[in-house]
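Each remark here refers to the structure printed beneath this line.
Read-outs: derived from the displayed coordinates by stated rules, not from any lab. No experiment lies behind these values; they were computed from the predicted model shown. Please note: Cβ atoms are built from the backbone with ideal geometry, for glycine as well, and neighbour counts cover all protein chains shown.
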Amino acid sequence: MIKVRIPLTLRRLTGHEEVVELDATTVADVIDALHSRFNGIRERLVDERGAIRKSVLVFVNDEDIRFLENERTPLHDGDEISIVPAFAGG
Amino acid sequence: MEKHGFMKALKCRECGREYPLAATHVCEFDFGPLEVAYDYERAKKTLTRKTIESRPQTMWRYRELLPIAGEPTVGCEVGYTPLIRADRLAAKLGIRELWIKNDTVNYPTLSFKDRVVSVALSRARELGFEVVACASTGNLANSVAANAAAAGLKSYVFIPADLEQGKIVNSLVYGANVIAIRGHYDEVNRLCAEIAGKYGWAFVNVNMRPYYAEGSKSMGFEIAEQLGWKLPQHTVVPMASGSLLTKIHKSYQEFAKLGLVTETPYRVHGAQATGCSPISVAQKSGLDFFKPVKPNTIAKSLAIGTPADGFYALKVMKETGGCAEDVTDEEIRDGIRMLAECEGIFSETAGGVTVGVAKKLIASGKISSGDSAVLCITGNGLKTLDAVVGHVGQTREIKPSLREFEALIGAEAEPMKV
C-alpha cells in the first residue's frame, strides 16, 4: 500500500480526504490511480504535454522526485507520497 | 474606503481565474500562484507624487499599492530606508554611478523582510488570525517573531537547524516558538506547506503569500522615489526564492502605469551564491526553467534549492534584458568587506553576494561602466558574524603601556610635532 497525503488544494475533489491509500509501483501510477478514484485530479497535476506541472512538487518519503527518477520513481510497500504546491516559501 | 481597499481579487498567474481575498495562495485548477489584483484606476486618483511626498517616511506611503483593506496595524514604521550614493564603491567596481538601497537598517529587525511581514501580519489581523507562522532561512523568522510580539500575536517560526547563532537568538528573544528542522530550507518549506493545510494559522509565506510577497514592492517604490522619481538603469537583486526580484520589477511597472515615473529602459539582474545557484545557472544557460539543487553556501539566507519564483525571476530577467551571476564563498566575503570598507555598511552574506555579482557583471560588461546601478542590500551583517569571523582582520592586543603602543605603531604613524 502507498499512502498519499492530499494537499488542501485538491481536497474538494477527494471529498476532503486528507490521506488516500492505494496500490502503485511508480509515481506515474499514483497519479493514474488517484485520477480513476477522483475524476479531474490528473489535469490539475499534469500539463498538456503529460508532465507534472512546474507548480506541483511531489515527494516520496520526503525526497523531491526530481532528485529521484521523476514520474518513473519506483515505489515500495509503505512508501509515503506528498503532493505540495511549488509556489510557497522564500 | 471600499470593503477591500484597493484590492479587487486574488488572481491565478497561470490561468487568470479569480478567487476571493482570503488566506489562500494556490489556484485549485493548476496549482498556479495567486496574486493580488488592484483597482489601478482608483489608486491613480489618490496616489500622486504630491500625496506620497506629504505622507510619513515609511513603506506605507504607497498604501494604495499594498494589499490590505484598511489601515496598517502591524509594522507601521517599516521601510523608507536610506538610498546611498556609493562613490567609493563605484570607483572600486569601475562604474560611473552606484547606489546602495540600505535595508540593513530596516526597522525593526534589520532586513527587508520587515516589509513583507508588516503587510502579511496586518492582513492576517484583518482576516481574523491569532497565530502567525513562517518557513524561514532566518531573516523572515526574526521579523515574524518581532512583529508578532509587538502586535500581541502568537508565532511559530520554522528554520533549518544549522542557521547562524545570530539569526536563531534574534527569533528566540521575542518569545516566538522556534522550531528547528534537521534539514535544509527546502525541507522546512515542504513541511510547512503540509502544516499550513492542517492548522488554522496565517503562514506568511504559504497561505498568506499573495499578500506577503507584495510587501517587497515597497523597496522598488522607494528606490524610484529616492532617485527623484526615476527608474534606475540597472538594479541588482539577491535571489533566494526569486520573489524580491519579481516584485522590484512589478513595482517599477506599477509606478510607470500610474504615471509616477516615465518608463525608461531598466534591467533587473539576479545574484546568487555559487553553492546554491539554480536560477543563475539556468539564466546563464539560456533556459527558462531551473534544475533544483541541494544548497551548500555560507549565504544561508539565500540557500533555497527549489526557488518558488525561479521561473518568474528568469522571465523578468529575460524581459528586461537582465542577467544572473553567482559568486563563491570567498567572493561573498570579499563583497562584504568591500561594502564595509568603501561605504561603512556591514551587510550579511546576501549583501556580499549582491556586491560580488555586481562586480562580475560590471567587469564582464553586462552592466556598462558608463551606466548607473542600484544594489539591493537586504540584511544586516551583525546577524551573520559566523560567516566572517577570522576573515576580517584581527585585533592587535597590548598592555595599557605607551611603550608597547609605540613599539606596535612603529612606522605606521608619526607623532605630532609640537
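Numerical summary
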| item | result |
| --- | --- |
| Only Lys, Arg (+1) and Asp, Glu (-1) charged, at Cβ; the protein assembly as shown dipole about Cα centre in debye | 1420 debye |
| ³J(HN,Hα), Karplus 6.51/-1.76/1.60, whole Hz, each residue of region B:176-186, x for Gly, Pro | 6, 7, 9, 9, 9, 9, 7, x, 8, 3, 4 |
| Shielding score for B:22-31, defined as the mean number of other chain Cβ atoms within 10 Å | 6 |
| Pairwise label distance in nanometres, B:PHE29 with B:ALA256, each label 7 Å out on the Cα-Cβ vector | 2.9 nm |
| Label zone at B:GLN57, where the point sits 7 Å out along the Cα-to-Cβ direction: region B:200-237 residues whose backbone N lies under 18 Å | B:218-230 |
| Between 0 and 90°, nearest 10: helix B:217-226 axis offset from chain B longest Cα axis | 60 degrees |
| Whole-Hz couplings from phi, Karplus 6.51/-1.76/1.60, listed for region B:364-380; x for Gly and Pro | 8, x, 5, 10, 5, 5, x, 8, 10, 9, 10, 9, 8, 9, 9, x, 8 |
| Computed log₁₀ I(q)/I(0) - Debye formula, equal Cα scatterers, no solvent, the protein assembly as shown, q 0.06, 0.10, 0.11, 0.13 Å⁻¹ | -0.29, -0.76, -0.91, -1.25 |
| Exercise: per-residue mean of other protein chain Cβ atoms within 10 Å, B:343-350 | 0 |
| Long-range HN-HN contacts of B:ILE179 with modeled amide H, under 5 Å | B:VAL157, B:PHE158, B:ILE159 |
| Chain B, relative contact order [Cα under 8 Å, separation at least 6], % | 16 percent |
| Peptide A:75-87, shielding by other chains (average Cβ, 10 Å cutoff) | 5 |
| Angle between chain B longest axis and helix B:349-363 axis [Cα atoms, degrees, rounded to 10] | 80 degrees |
| Cα-based radius of gyration of chain B once divided by 2.2 N^0.38 Å, which approximates compact folds | 1.00 |
| Order of B:MET208, B:MET239, B:MET7, A:MET1 under a 10 Å beta carbon neighbour criterion, fewest first | A:MET1, B:MET7, B:MET208, B:MET239 |
| Local electrostatic count, B:ILE95, Cβ distance below 11 Å [Lys/Arg +1, Asp/Glu -1] | 0 |
| Residue-averaged 222 nm ellipticity for the protein assembly as shown, from DSSP H runs of 4+ at -39500 (n - 2.57), nearest 500 | -10000 deg cm²/dmol |
| Mean Cβ neighbour count within 10 Å, used as a protection proxy, ranking B:44-53, B:84-93 highest first | B:84-93, B:44-53 |
| Angle in degrees between helix B:329-343 and the longest Cα principal axis of chain B, rounded to the nearest 10 | 80 degrees |
| Bins of 5 Å, starting at 0 and running to the largest distance - Cα pair percent for region A:2-85 | 3, 15, 29, 31, 17, 4, 0 |
| Interatomic Cα distance distribution for region B:248-343, bins of 10 angstrom, percent | 16, 38, 31, 15, 1 |
